[in-house]
Each structure stands twice: as C-alpha cells, then as structure tokens.
Amino acid sequence: MNPTTAIADAAVEVRVRDPRLQPIADKVLAGERLTFEDGRVLYRTSDLPAVMRLADVVRERKVGPKAYFVHSLRLSQTNVCYVGCTFCGFAKRFGEDGVWDYDLEDVWAYVDQHWHPDLTEIHIASGHHPKRSFDYYLDLVRGLTERYPGVQVKAWTAAEIHHFSKITRPRLTYREVLTQLKEAGLVAMPGGGAEIFAEDVRRRIARAKVTAEGWLEVHRTAHELEIPTNATMLYGHVETLDDRLDHMDRLRRLQDETGGFLSFIPLAYQPEHNALAAELEAEGKRVHTTGVDDLRNLAVARLYLDNVPHVKGYWIMITPEHTQVALAAGVSDVDGTIKDEKIAHASGAVTEAGMTEEQLVALIKGAGRVPVRRDALYNELQVFA
Ligand code: V47
C-alpha cells in the first residue's frame, strides 16, 4: 500500500490509500466525468472509506446538508402477475393463496384506511394483470387525483406501461399510453422494472418482461412528455460488477439526452420465497447483499451518475440503520413513510412496512443532516432545521 495521499481542492480534502484511486479522486474533485474503467476500480478497491468520502463530496456539492424524504403511501392494487420474473416473491396467479385484485372501490377504501393529512404521494406498483383494461388504470389515476387533492400520483413502472401498450386494441404507443395517463392526473413515474439491463442476466431473471431498450424507451418518452421519473437497479443476485456499470452507463446516457430522471435507487435483492432464491440455494449461492456492498454500490452510483440529482437509500431493502450510514456515502434521499410496502416483504425483507415522519427525521438528524420533507417532484415542503 502506498503512503496516504491527500488530494485537496479549495474546500475539501479526501485521503486516498489506494494509488489507483488518485486519478479518479482528481477527476471527482475537478467535476469531471468518470469512465467505465474508473467504475471498475471503484467497485474493486479496498479503500471503501475513500470511495464513500468522494461520493459524499459529490452529494454535498449537489444538495448541501439536506437529506430528503416524502410522506408517501405504497399502493399495489393487485399482485396478480403472469410475467414470471424469478426474483419476485410478490406475483400471484388467480386462485393462489394470498392473491388480491382491487376494484376501484377497494382502492379508495385502501387509501382511506391508510390516509394521513400530510400524505403528498401515492406510489403505485403492481403486477401485469391479464384481464384489466387500460380504462381501469385511467379511472384509477383520475379517481385518486379527484378524491385526494394535493396528493401526487406517481404510478406504474415502465414494465407496466409496456404492458398497458400491449393490452390496448388498437395498440397504443408508449407516447399515447403516457399522454392519456398524464391527462388523467399522473405526475411522475417510479423507477421499478429496470432490474439489470444486461441481456444474459435479464434473460435469466426477467425473461418475459419489457426489454432493456423498451424500459429506456418508456422513460425517454415520459421525459419528452415532461413526466419526471426515477430509475432503479436490482443488484446482489447473478449480475456481475460490469453489469451494474453497464446499467448505470445506459441510464447516464439517457439522462444526458433528456434530463428527466430525478433519482436513482439501487434495490438490494431480497432472497426469500422466490424462484431465483431456490435456484441460488441449490447452487449454494443464496446470500443477502452485505452492508459493505450496499454502501459501495450507493457510493459508486453517486460518483458514476453525475447527471442524476439524487441517489436514494431504500431503507425497506437495506434497513434504516444502513440507510443512515449511507447518508455519508452519497445518498441524499431516504424515500419516505411508505406505510404498507408489499413487494420487498413478499421476498423476505426484514424491515417494517412503513416508518413515521418522526422516525425518518430522527434517522436523518442522527446522520448530521438537515431533514427536508419533499413532494414527489422534490419541491421542498418543510425543512426541519
Ligand atoms: O419493480 C422485486 C424490485 C421493484 C425484488 O421509484 C425486488 O422511487 C429486490 O421500484 N428483491 C419495486 N427487489 C420497488 C421500486 C422502487 C422502490 C423504491 C423507490 C422507487 C422509486 C421504486 O422492486 C420492482 C422490482 O424491480 N423487486 N422483487 C426482490 N426480491
């Protein structure tokens, strides 16, 4: 190991023990873009503290001392899904135990049951239902928007938008589907369904889902229609580190084109009650992501995705404790109250299904940051100075 090298600009100093990190640190401090090869070094260096510190510098430059959360409700109007992604423990078929499939009245009753006066976001993600028509989804968005004024509907992953396009006759384009959803009240889109873009992995874990190109095209179209979106990456299963970089690289290129991504959310694979977990178990490879991998992955994302405003630590999948530490590794957003998470918990997530605002504020303050309650579009609603 070379002697410690201090790299400084006017405001910050980052100590680097691995000499391979030195040119990368120089670039980060100069605000220059990192290459794929730089990403490989970041994923492999043993000097994780320096990687985290560099990511923290980038975060600080983007948002200062603030860390964001949203008062949000998760809504999955159904878990009926026939796509068969092997990492998923959430999907059910008709007639199976634990299946649900809400009519619109059930959706309103669900929201009423979980209602909170500070709620500003309903985040919807569900399954690819083989029988519901596109009109049902339009009525759902319209109904939520009319019934709960002030609440923003952030709905459906690109995979579901692709599904809506497939079920319409004559078939609607992504642009037509999104235009109609926007007219019905859709404000933003979540980032799910991205999984891993690399074709060989996608074929193994999400064979019948929208392709990587399709996912990116849906988001490109949403951005063109001024619907901001998020992006996720499912990691910690059978992908390689290069696959992760390739995934982020494709997102970075799209963001260069459109600027429509608000936030990037790495999703740590939850390895229980799903087919992939059983496959990995049989190969003796079923493991949960480690805290070190979670932190490194978030830090690399912050450094690589220089054009995305926020990196989100998803406490549901990496625990509130790791999320708090992640606020020192590039994370500027901790998602939100959520209240009733179903997808990760169907695959064994050990966290609660929701957190209170008080808990989130304490989590952020405990990391030395200023909590900011935001809406789905990152408008600041309350600063907890
Ligand atoms: O689309 C499914 C993933 C996503 C598992 O946009 C799994 O703000 C890990 O998209 N292990 C839903 N992941 C969650 C999601 C999300 C979460 C937080 C914030 C945002 C946002 C979006 O979860 C699915 C799928 O990609 N998923 N099963 C599993 N076993």
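The values are calculated or read from the model by the stated rules, or taken from the named source; none is laboratory data. Just so you know, these numbers come straight off a predicted model, no measurement behind them. Reconstructed Cβ throughout: ideal geometry from the backbone, glycine too, with neighbour counts over all protein chains shown. The area values use the complete protein model at the heavy-atom level, side chains included, leaving out ligands, DNA and RNA. Shrake-Rupley method; radii C 1.70, N 1.55, O 1.52, S 1.80 Å.
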Q. Given H placed on each backbone N at 1.01 Å, which residues far from Arg374 in sequence or on other chains put an amide H within less than 5 Å of it?
A. Phe69, Val70, His71, Leu381
Q: With a 1.4 Å probe and every protein chain left in place, work out the accessible area per residue of the chain in Å², rounded to a whole number.
A: 39 Å²
Q: Over the alpha-carbon set of the stretch 148-210, work out the extent along each principal axis and list the three values in angstrom, largest first.
A: 43, 29, 14
Q. Within the accessible area of the stretch 64-143, what % is carbon and sulfur when the probe is 1.4 Å and the other protein chains stay in place?
A. 49 percent
Q: Take the Cα pairs of the chain, get the Kirkwood Rh, then feed it into Stokes-Einstein at 25 °C and 0.890 mPa s and tell me D in µm²/s.
A: 115 µm²/s
**Q.** log10 of Debye I(q)/I(0), alpha-carbon scatterers only, for the stretch 1-121 at 0.11, 0.20, 0.21, 0.22 Å⁻¹
**A.** -0.68, -1.04, -1.13, -1.21
Q) When the gyration tensor of the stretch 106-217 is built from Cα positions, what are the square roots of 5 times its three eigenvalues, in whole Å, from largest to smallest? A) 26, 16, 12
Q. What's the center-to-center distance, using Cα atoms, between the stretch 268-329 and the stretch 212-228 in Å?
A. 25 Å
Q. For the chain, which cysteines have no disulfide-compatible partner, meaning no other cysteine Cβ under 4.7 Å?
A. Cys81
Q: Would you mind computing, in nm to one decimal, how far apart the modelled labels at His273 and Arg169 are, each placed 7 Å from Cα along Cα→Cβ?
A: 3.6 nm
Q: With viscosity set to 1.002 mPa s and temperature to 20 °C, compute the Stokes-Einstein D of the stretch 164-244, Rh being the Kirkwood radius across alpha carbon pairs; µm²/s, no decimals.
A: 156 µm²/s
Q: Note down, for the stretch 240-280, the three equivalent ellipsoid semi-axes (square root of 5 times each alpha carbon gyration tensor eigenvalue), biggest first, whole angstrom.
A: 28, 13, 7
Q | Inter-part distance where the stretch 350-385 and the stretch 50-126 are each reduced to a Cα centre, Å | A | 16 Å
Q: Please list 322-329, 41-48 highest first by mean number of surrounding beta-carbon atoms within 10 Å per residue.
A: 322-329, 41-48
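Sort the following peptides by mean Cβ neighbour count (other Cβ atoms within 10 Å, averaged over residues), highest first: 53-64, 163-174, 300-311.
300-311, 53-64, 163-174
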Q) Can you list the residues of the stretch 56-87 with backbone N under 15 Å from a point 7 Å past the Cα of Ala353, pointing along Cα to Cβ? A) 73-79
Q) For the residue pair Glu96 and Ala109, what label-to-label distance in nm results when each label sits 7 Å from Cα along the Cα-to-beta-carbon direction? A) 2.4 nm
Q: Run through every distinct alpha carbon pair of the stretch 251-344 and return the Kirkwood hydrodynamic radius in angstroms, one decimal place.
A: 14.5 Å
(Q) For Cα pairs less than 8 Å apart in space and 6+ apart in sequence, what is the mean separation divided by the residue count of the stretch 346-385, i.e. the relative contact order in percent? (A) 25 percent
Q) What is the extension gain from Arg207 to Thr258, computed as 0.36 nm multiplied by their sequence separation minus the C-alpha to C-alpha distance, in nm to one decimal? A) 15.6 nm
**Q.** Relative contact order %, the chain, counting alpha carbon pairs below 8 Å whose residues are six or more apart
**A.** 21 percent
Q: With θ set to phi - 60°, apply the Karplus curve 6.51 cos²θ - 1.76 cosθ + 1.60 along the stretch 367-372 and write out the HN-Hα couplings as whole Hz, x wherever there is a Gly or Pro.
A: 8, x, 10, 9, x, 10
**Q.** Asp242-Arg147 pseudo-label distance in nm [points 7 Å out on the Cα-to-Cβ vector]
**A.** 5.0 nm
Q | By average C-beta atoms within 10 angstrom, highest first, the peptides 139-148, 178-187 | A | 178-187, 139-148
Q: Quick one: pull the percentage of alpha-carbon pairs in the stretch 175-321 with a separation above 25 Å.
A: 30 percent
Q) Tell me, what HN-Hα J-couplings in whole Hz come from the Karplus equation 6.51 cos²θ - 1.76 cosθ + 1.60 at θ = phi - 60° for each residue of the stretch 144-161, using x for Gly and Pro? A) 4, 5, 6, 6, 10, x, x, 9, 8, 8, 10, 9, 6, 6, 4, 5, 6, 4
Q: Using only C-alpha positions, report the orientation-averaged shadow area of the convex hull of the stretch 140-183, nm², one decimal.
A: 3.1 nm²
Q | For the stretch 74-123, projected area of the alpha-carbon convex hull averaged over all directions, nm² | A | 4.5 nm²
Q: Using θ = phi - 60° and the Karplus relation 6.51 cos²θ - 1.76 cosθ + 1.60, list the HN-Hα couplings for the stretch 90-96 in order, rounded to whole Hz, with x at every Gly or Pro.
A: 8, 5, 9, 9, 3, x, 6
Q | Segment Glu13-Glu224, length gained on full extension (0.36 nm per residue, minus Cα span) | A | 72.0 nm
